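Data block below; observations after.
Every number in this text was worked out from the coordinates using simple rules, so none of it is lab data. This is a predicted model, so every value here is computed, not measured. Cβ placement follows ideal geometry from the backbone for every residue including glycine, while neighbour counts extend to all protein chains displayed.
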Amino acid sequence: DEALAAGAKECKKSLRSFSDLTFDVVVDFAGTETTIRDAVSAVRPGGIVVLVGLASQSFELPTTDLVTKNVSLKGSTSASIQELQEVFELLASGALNPQIQHIPFHDVPKALEMLGESEVNGRLYTTP
């Protein structure tokens with residue numbers, strides 16, 4: 001509901017639900033083996049998959065789509081200074097209201113399981 005209110009045209013729980021569409025870019029904030037594989041399948045030939053999430057320490061990926069579609073798979077941990085400043089400005093203005101949830105440090109393993117099962121909305125964070 002929040003994504004639609006913010007301007008999203010459609011929301012689904014899985015890229016597989018968009019089987020009639022292809023995307024130029026998919027940014028995977030979960031990083032599970034399933035979401036990575038689905039992202040590679042969902043991008044157009046020459047498309048880009050940006051991997052941000054770290055739910056899987058490693059993954060197996062059939063190379064057929066990657067090679068035959070000329071898909072680029074990139075990792076990303078942060079943004080440029082200018083992009084970070086823009087995000088801070090959006091936060092300060094109230095235009096961006098992220099869904100974040102604090103979890104106790106001892107619950108990190110359980111939180112990773114929840115991420116892998118697509119049971120998390122937004123982002124989780126912890127403090128040691």
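Checked against the criterion of being in contact with an Asp or Glu (Cβ under 6 Å, 6 or more places away or on another chain) and not in a loop (DSSP other than H, G, I, E, B), the stretch 47-55 has at least one qualifying residue.
Residues that are surrounded by 13 or more Cβ atoms within 10 Å (Cβ to Cβ), among the small types (Gly, Ala, Ser) and in contact (Cβ under 8 Å) with a residue 24 or more places away in the chain were ranked within the stretch 110-128; the one that is nearest to Phe23 (Cα to Cα) is Ser118.
Filtered by the rule that a residue be more than 12 Å from the chain's Cα centre (by Cα) and hydrophobic (A, V, I, L, M, F, W, C), the stretch 41-60 gives Ala42, Val43, Ile48, Phe59.
Within the stretch 11-30, being among the hydrophobic types (A, V, I, L, M, F, W, C) and either within 19 Å of Ala55 (Cα to Cα) or touching a residue at least 60 places away in the same chain (Cβ under 8 Å) (or both) holds for Leu15, Val26, Val27, Phe29, Ala30. Looking at Asp65, Asp38, Asp107, just one residue is under 15 Å from the mean Cα position of the chain (by Cα), assigned to a helix (DSSP H, G or I) and surrounded by 12 or more Cβ atoms within 10 Å (Cβ to Cβ), and that residue is Asp38. Evaluate the following for Gly53: is it at positive phi and either in contact (Cβ under 8 Å) with a residue 24 or more places away in the chain or surrounded by 12 or more Cβ atoms within 10 Å (Cβ to Cβ) (or both)? No, not satisfied.
When His102 is tested against (1) under 27 Å from Arg37 (Cβ atoms); (2) touching a strand residue (DSSP E or B) at 6+ places or on another chain (Cβ under 7 Å); (3) of a type outside the set (Ser, Thr, Tyr), only condition (1) is not met.
Residues that are assigned to a loop (DSSP other than H, G, I, E, B) and touching a strand residue (DSSP E or B) at 6+ places or on another chain (Cβ under 6 Å) were ranked within the stretch 68-91; the one that is surrounded by the fewest Cβ atoms within 10 Å (Cβ to Cβ) is Ser76.
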